[in-house]
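Read the structure below first, then the notes.
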Amino acid sequence: MIKKILIVDDSPIARKIMKTCLPKDRGYEISEATNGQEGIDKYLSVKPDLTFMDLTMPKLDGYKATEEIKKIDKNAMIVAATADIQPKSLERIMALGAFTVLKKPPRKSSLEEILDKVEKQLTEK
Amino acid sequence: MIFSQIFDMVNVGIVILDKDYNVFKWNRWLEARSKIPSEKIIGKSIFEFFPELNKSWFHRSFKTVMSFGNFSFFSQKLHSYFFPFKASNALDSKFEYMQQSCTMGPIRDKNNAIEYVYIMVQDVTEIAAYEQKLVELNTEDGLTGIYNRRYLEKKIEEEFARHQRYARPFSVVMADIDFFKKINDTYGHQCGDFVLQEFTKTISASIRKVDIFARYGGEEFCLLLPETPGKAAELVAENLRDIVEKSSYRYGDTDIRFTVSLGISELSDGVESAKELLTRADMALYKAKKSGRNKVVLH
Amino acid sequence: MTLFSDEEKDILQEVMNIAFGNATADLAEVIDIFVVLTVPQIQVMKISELPTYFEKNIHGFERIWKLDQEFWGDFSGSGFLIFPEQIGKSLVELFGTGDLDPTENNPFDSLEKEILLEVGNILVGACVGKIAELLDTRVTYSPPIASQGECSNFARLVENYDSDQTAIIMKTVFEFENHNISGLLFFITSQDSIEWLKKSLYDYLESFDE
């Protein structure tokens with residue numbers, strides 16, 4: 001069951017949009033981080049069930065943050081959120097251990113689809 | 001109503017394609033030039049009628065217009081034409097087909113989604129013909145009709161840079177008609193001009209389309225051979241020498257025969273500039289003259 | 001410059017991030033070349049400050065190719081593409097081979113210019129097109145104009161603009177990966193579209209709640 005969600009994105013607007021698009025009736029506890037490093041720290045302190053990771057961020061980008069988190073916790077459920085969904089970028093982030101990719105801008109429907117997919121994966125485990 | 005009338009009245013060709021390249025609209029201008037009535041082409045793939053458009057650049061532009069809604073511009077300079085229509089008002093130009101300048105752009109539905117792509121075709125044959133005339137005046141040698149020295153010097157720089165960049169073989173041949181002064185002195189200057197003209201005709205008929213043949217000055221000529229190493233250039237030059245030696249030209253009631261000396265240089269590691277390549281060819285030509293004329297020498 | 005509130009700037013930045021990201025992905029598909037566009041840097045300034053801005057941002061280039069293309073609509077302005085002159089040749093190798101033969105119909109230099117026009121048209125069209133799509137409007141374009149020369153006199157770049165006007169500058173570095181081709185892409189948004197832009201930024205934000 002997804003309960004805690006971490007949103008890692010340097011743009012306050014991107015985080016706001018993401019929160020707007022998440023279903024309100026499921027009682028998610030949402031935490032936020034503004035760069036990759038903060039994302040890793042928050043991941044350790046919050047232990048989220050699902051992390052949305054932006055890829056282009058200052059300090060530490062989403063690729064490196066994903067790699068680091070996966071090193072610490074190989075079961076970490078990370079969904080990369082990016083506007084650049086060309087195959088080469090996708091290949092790279094999937095190889096680093098992301099579960100799937102959410103195309104930016106998110107829509108309620110596309111987010112719901114991903115939440116279902118993650119939920120299914122979590123119960124199978 | 002109004003717009004569909006204008007669609008058929010304007011002096012440009014307009015074709016509208018759906019996302020699968022099928023013709024949706026075909027205006028009267030295009031009907032008239034292509035001799036294809038719209039009822040025959042509508043609903044069919046444009047490639048069925050114009051297979052020459054089925055190329056990667058066309059698909060690339062079509063796809064960008066479909067996904068970004070931008071416009072694509074196709075100049076006559078790069079593409080010459082989209083649709084092969086016979087040129088009608090082409091002065092005395094060399095254009096067999098109507099020269100066209102084309103634009104491609106999106107047509108959207110109410111929801112702003114791109115449903116169709118239009119292509120607009122403008123006839124620019126006349127402008128292109130004038131431009132061509134100007135270029136000719138600027139690049140041709142008046143007497144012989146082959147390229148002049150100015151053009152050659154520009155061209156050799158370009159070809160040198162290109163071949164050097166791609167590390168491709170490239171050779172330059174300098175040619176000089178033997179004892180030209182004697183021809184002038186014996187038969188007169190008009191005969192000298194006649195010899196220069198006949199000589200260029202003979203050479204022009206024996207070289208490739210990609211080779212560049214120019215009058216360098218007086219009775220001296222230069223030939224650029226792209227994609228050709230020195231050894232192959234030597235064979236080319238030897239062939240030209242042989243043809244000239246065996247030719248005879250009728251001037252009035254005399255048969256005139258003459259020979260030519262040729263010097264060759266090739267692009268190699270030591271050659272730093274186009275100018276040096278020319279100098280080397282000139283030096284080889286000097287050697288050919290010194291060693292008795294009617295000869296080919298490779299630097 | 002207090003023309004935009006912090007929130008408006010944040011929305012603008014995010015819209016551009018998404019627009020340029022989407023443009024990158026679509027470019028890769030459409031032209032089949034891996035393109036990298038950096039996150040756009042956005043600045044608001046007076047047109048009169050632009051020459052100095054260009055001078056600061058374009059350095060290390062001796063001779064440049066410059067391409068500009070105007071676009072109109074609710075969202076209007078110009079796109080500028082600038083790269084070092086010698087890169088034109090590599091672009092021809094990348095785009096020009098295939099159907100078009102540089103030796104037959106076209107002298108090499110005019111081919112280079114035409115390819116540049118095509119590439120510029122695609123890059124500007126991709127970015128502007130995506131911005132327009134996100135903000136739910138449509139734009140039309142004039143044909144791009146290419147020129148080459150010494151990298152100086154930046155005042156000429158903006159001589160058609162009213163120097164008192166305010167412009168939004170977006171700068172991105174694009175790169176065709178594995179081909180060692182990179183350049184700068186600037187967008188100048190005209191003052192007329194600023195009011196419209198402010199409104200549509202909020203409309204954009206609200207659209208997610210539907």
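Side notes on the structure shown:
- Residue in the stretch B:195-221 that is farthest from residue B:298 (Cα to Cα), counting only those that are in contact with a Lys or Arg (Cβ under 8 Å, 6 or more places away or on another chain) and among the hydrophobic types (A, V, I, L, M, F, W, C): B:196
- Within the stretch B:53-75, tally of residues that are crowded, with 21+ Cβ neighbours inside 10 Å, more than 8 Å from chain C (Cβ to nearest Cβ) and more than 19 Å from residue C:29 (Cβ to Cβ): 1
- Pick from the stretch A:75-109, criterion under 25 Å from residue C:174 (Cα atoms) and more than 14 Å from chain C (Cβ to nearest Cβ), ranking: surrounded by the fewest Cβ atoms within 10 Å (Cβ to Cβ): A:95
- Filter result for the condition that a residue is under 19 Å from residue B:51 (Cβ atoms) and modelled with pLDDT of 95 or more, over B:14, B:36: B:36
- When C:128, C:139 are checked against the criterion of being closer than 15 Å to residue C:197 by Cβ and touching a residue at least 60 places away in the same chain (Cβ under 8 Å), a single residue qualifies: C:139.
- Within the stretch C:16-36, considering residues that are more than 18 Å from residue B:60 (Cα to Cα) and within 8 Å of chain A (Cβ to nearest Cβ), the one nearest to the chain's Cα centre (by Cα): C:20
- Consider the stretch A:110-122 and keep the residues that are away from every other protein chain (no Cβ under 14 Å) and in contact (Cβ under 8 Å) with a residue 40 or more places away in the chain. The one that is surrounded by the fewest Cβ atoms within 10 Å (Cβ to Cβ) is A:121.
- Residues of the stretch C:173-210 that turn out to be within 13 Å of chain A (Cβ to nearest Cβ), modelled with pLDDT under 85 and assigned to a loop (DSSP other than H, G, I, E, B), as a count: 4
- The listed residues are B:19, B:44, B:25, and the only one of them that is surrounded by fewer than 17 Cβ atoms within 10 Å (Cβ to Cβ), basic (Lys, Arg) and either closer than 14 Å to residue B:118 by Cβ or not assigned by TED's automatic domain parsing to the domain that holds residue B:118 (or both) turns out to be B:19.
- Of the helices (runs of 4 or more DSSP H) lying entirely inside the stretch C:1-95, those carrying at least 1 residues that are closer than 30 Å to residue B:66 by Cβ and touching a Pro at 6+ places or on another chain (Cβ under 9 Å) are C:6-31.
- Some residue of the stretch B:17-31 being over 20 Å from residue C:142 (Cα atoms), hydrophobic (A, V, I, L, M, F, W, C) and in a helix (DSSP H, G or I): yes
- Qualifying residue in the stretch A:12-30 (condition: outside any loop (DSSP other than H, G, I, E, B), surrounded by 16 or more Cβ atoms within 10 Å (Cβ to Cβ) and away from every other protein chain (no Cβ under 12 Å)): no
- Of all residues making up the stretch C:141-155, the number that are more than 7 Å from chain B (Cβ to nearest Cβ) and surrounded by 14 or more Cβ atoms within 10 Å (Cβ to Cβ): 6
The values are calculated or read from the model by the stated rules, or taken from the named source; none is laboratory data. Remember, predicted model here, so these are calculated numbers, not experimental data. Methodologically, a virtual Cβ is constructed for each residue, glycine included, from the backbone with ideal geometry; neighbour enumeration extends over all protein chains shown.
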